[in-house]
Amino acid sequence: MIPTEIVSMMERRRIVAEVRTATAIQALGVVDALAAAGVNAIEVSLTIPGVNEILSHMATRRDVFVGAGAVLDARQAMLAISSGARFIASPILAPDLVPVCNDANVACVLGALTPTEIIAAQHAGAQMVKVFPAEALGGPMYIRALLRQLTHVSLQVSGGFTAQNMGEYLALPVKTLALGTLLVPRPLVERGNWQAITNRARAFVEFVANPHANAARFLAMMGIAPQPQAPAPMPIDPRIAAIAGMPTVNVPPEIAAAMAAMVSGSGQADPGAVSGSFHPWDSRPVEMGDDEDWLR
């Protein structure tokens with residue numbers, strides 16, 4: 001399978017599972033559970049003990065294609081590819097991974113964060129650019145701003161997003177979402193509850209396939225209550241709105257009291273006046289002294 005075909009398979013489902021477990025046995029269980037749910041692109045982190053044995057074991061599977069994640073240099077990439085990795089994914093901009101992947105005919109996903117890094121990753125030859133950590137820099141708002149300018153880049157979003165804002169990401173032209181503990185919570189892995197992982201992953205697959213139709217069911221499974229709709233605002237007299245929108249200037253309390261007394265005409269501070277807030281439209285012209293003639 002050539003790199004473009006691998007990337008096309010990722011884009012078709014739009015989900016890439018990022019698997020990071022404490023043991024190889026846990027990783028194998030997670031991969032089986034995800035495959036049963038229809039997740040077919042799985043990134044196995046190099047931080048897992050025995051990761052190369054995992055890659056070798058998964059290399060012959062037809063229902064999933066497994067790649068290596070958290071790859072930082074060419075040596076790690078070559079070792080992962082020799083163990084059967086179908087794609088290489090890095091959280092950083094590491095251009096030296098590209099020729100290694102090209103020589104082995106596997107897909108390369110390079111990490112980036114800024115617009116400059118994203119374009120550099122594309123120019124280096126990456127088939128997809130992983131924006132990581134996306135949520136830390138503004139989440140959907142940041143990705144939306146990027147895509148207004150970088151309309152031609154194949155982006156994968158990774159790093160800390162939540163079930164609540166998944167719909168916002170899916171509404172953007174991002175190619176894939178890389179999901180870690182949101183898709184596979186650690187407590188389920190530690191308990192070996194593979195069926196629960198399958199059920200959860202299936203909800204993600206269905207939601208991504210049709211966000212509008214499956215949003216309620218997905219959020220219910222995530223334990224998220226639907227947000228109540230705010231009542232329609234009452235119509236506001238435009239004259240009141242204009243006054244309410246005028247700026248105010250903070251002044252010291254003693255000056256505010258003197259101004260209040262001036263406005264009331266009593267010479268005494270109005271006890272009902274609000275101190276500390278001066279409304280320009282309440283002021284009266286102040287006569288200029290002889291030394292201020294130059295202002296006239």
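The values are calculated or read from the model by the stated rules, or taken from the named source; none is laboratory data. Every value quoted in this text rests on a predicted model; they were computed, and no experiment measured them. FYI the Cβ positions are ideal-geometry reconstructions off the backbone, even for glycines, and counts take in every protein chain you see.
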Report task. Mind counting the residues in segment 76-88 that are among the hydroxyl-bearing types (Ser, Thr, Tyr) and crowded, with 20+ Cβ neighbours inside 10 Å? Result -> 0
Query raised in the report: Within the set of pairs 6 or more residues apart or between chains, which connect a residue that is under 16 Å from Ala27 (Cβ atoms) inside segment 179-204 to a residue that is in a helix (DSSP H, G or I) and acidic (Asp, Glu) with Cβ atoms less than 8 Å apart?
Result: Trp194/Asp32
Report task. For Gln156, state whether it is out of contact with any helix residue (DSSP H, G or I) (no Cβ under 7 Å at 6 or more places or on another chain), in the same structural domain as Gly69 (by TED's automatic domain parsing), touching a residue at least 60 places away in the same chain (Cβ under 8 Å) and surrounded by fewer than 19 Cβ atoms within 10 Å (Cβ to Cβ). Result -> no
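Listed here are the residues, each with its yes/no results for (1) more than 22 Å from Ile15 (Cβ to Cβ); (2) at pLDDT below 95; (3) outside the structural domain of Val208 (by TED's automatic domain parsing).
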| site | (1), (2), (3) |
| --- | --- |
| Phe87 | no, no, no |
| Ser90 | no, no, no |
| Val109 | no, no, no |
| Pro115 | yes, no, no |
| Ile119 | yes, no, no |
| Lys130 | no, no, no |
| Gly139 | no, yes, no |
| Ala163 | no, yes, no |
| Glu168 | no, yes, no |
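Determine, yes or no, whether Val30 is part of a helix (DSSP H, G or I), crowded, with 21+ Cβ neighbours inside 10 Å and touching a residue at least 12 places away in the same chain (Cβ under 8 Å).
Criteria met by Val30.
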Query raised in the report: Which ones in segment 52-75 are buried (at least 23 other Cβ atoms within 10 Å of the Cβ) and over 20 Å from Glu5 (Cβ atoms)?
Result: Ile54, Val71
**Report entry** From the options Ala36, Ala24, Ala17, Ala41, residue that is surrounded by 17 or more Cβ atoms within 10 Å (Cβ to Cβ), more than 17 Å from Arg86 (Cα to Cα) and in contact (Cβ under 8 Å) with a residue 24 or more places away in the chain
**Finding:** Ala24
Report task. Evaluate the following for Thr151: is it closer than 24 Å to Glu206 by Cβ and not in a helix (DSSP H, G or I)? Result -> no
Report summary line: The lone condition Ile25 fails out of (1) of a type in the set (Val, Ile, Thr); (2) outside any helix (DSSP H, G or I); (3) more than 23 Å from Gly111 (Cα to Cα) is (2)
Query raised in the report: Quick one: how many residues across segment 154-204 are in a loop (DSSP other than H, G, I, E, B) and among the β-branched types (Val, Ile, Thr)?
Result: 4
